[in-house]
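Q: Just dropping this structure here.
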Amino acid sequence: MSPSLPLAAPGLARRLACLFYDAFLAFGIALATAFVFSVLTQMRHALSGREALGVVIALVLGGYFTWCWTKGRTLPMQTWRIRIVDRQGQPLTLARAWWRYLLCTVWVLPPIAFFAHRHLADWKPVTAALFGWVAFWALLSLLHPQRQFWHDAWAGTRLVDAAG
């Protein structure tokens, strides 16, 4: 990245559009991973091996995102003209990308943890809590001096405008 390129954060709406596009792709990757896992392990029941499946999906998604981030962007980031760099504007190292991936769990873990041990017949409260938390977490970025998401600040990364 050239030093003359500004390191301004893209607008919140653009970052959220990118986030939801990334989530859509992640869902497809997770679905394909689950299919391959179930075929390879000859999974006969959805509850058998679900912990191992969860770990495999997390690792596959981690591999996808960290690989893309070390290249500077995911497909949605390219579409929305957003790049990811470290604090100095340089590409991410693999270690920093993995650290960011772990910190990104803040987008989903709090509401999931809250409902983890409840036996619910209706998923509406979980869905509402998840979307409410995502909105709250996204709006918190407006309190950051450079308008970055807080997990990026903690990871030493920045989303920057790649337009132009």
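The values are calculated or read from the model by the stated rules, or taken from the named source; none is laboratory data. Being a predicted model, the structure only gives us computed values, none of them experimental. Note that each Cβ is placed from the backbone with ideal geometry, even for glycine, and that neighbours are counted across all protein chains shown.
Q: Only one of these is closer than 26 Å to Thr157 by Cα, in a helix (DSSP H, G or I), touching a Phe, Trp or Tyr at 6+ places or on another chain (Cβ under 9 Å) and not basic (Lys, Arg): Ala52, Ala97, Ala30. Name it.
A: Working: Ala52 fails: closer than 26 Å to Thr157 by Cα; Ala30 fails: touching a Phe, Trp or Tyr at 6+ places or on another chain (Cβ under 9 Å).
From the options Ala52, Ala97, Ala30, the qualifying one is Ala97.
Q: If you don't mind, there's one more thing I want to ask. May I ask you to say which residue of Gly28, Gly11, Gly62, Gly54 is under 27 Å from Gly132 (Cα atoms), surrounded by 14 or more Cβ atoms within 10 Å (Cβ to Cβ) and free of Cβ contacts under 8 Å to residues at least 60 places away in the same chain? If you could, list the steps in order and put the result at the bottom.
A: Working: Gly28 fails: surrounded by 14 or more Cβ atoms within 10 Å (Cβ to Cβ); Gly11 fails: surrounded by 14 or more Cβ atoms within 10 Å (Cβ to Cβ); Gly54 fails: surrounded by 14 or more Cβ atoms within 10 Å (Cβ to Cβ).
The unique qualifying residue is Gly62.
Q: For region 22-72, how many residues meet the condition of being of a type in the set (Ser, Thr, Tyr) and at pLDDT 95 or above?
A: 4
Q: Kindly indicate the residue of region 71-92 that is farther than 11 Å from Gly156 by Cα and of a type in the set (Val, Ile, Thr) and also farthest from the chain's Cα centre (by Cα) among those meeting that condition.
A: Thr79
Q: Sticking with this structure for a sec: From the list Leu120, Leu109, Leu142, which one is aliphatic (A, V, I, L, M), under 19 Å from the mean Cα position of the chain (by Cα) and loosely packed, with under 11 Cβ neighbours inside 10 Å?
A: Numbers: Leu120 fails: under 19 Å from the mean Cα position of the chain (by Cα); Leu109 fails: loosely packed, with under 11 Cβ neighbours inside 10 Å.
Result: Leu142 is the single residue among Leu120, Leu109, Leu142 that is aliphatic (A, V, I, L, M), under 19 Å from the mean Cα position of the chain (by Cα) and loosely packed, with under 11 Cβ neighbours inside 10 Å.
Q: Here is a list of conditions, (1) at pLDDT 90 or above; (2) in a helix (DSSP H, G or I); (3) surrounded by 13 or more Cβ atoms within 10 Å (Cβ to Cβ); (4) among the hydrophobic types (A, V, I, L, M, F, W, C), and Leu130 meets all of them except one; can you say which number that is?
A: Condition (1) is where Leu130 drops out.
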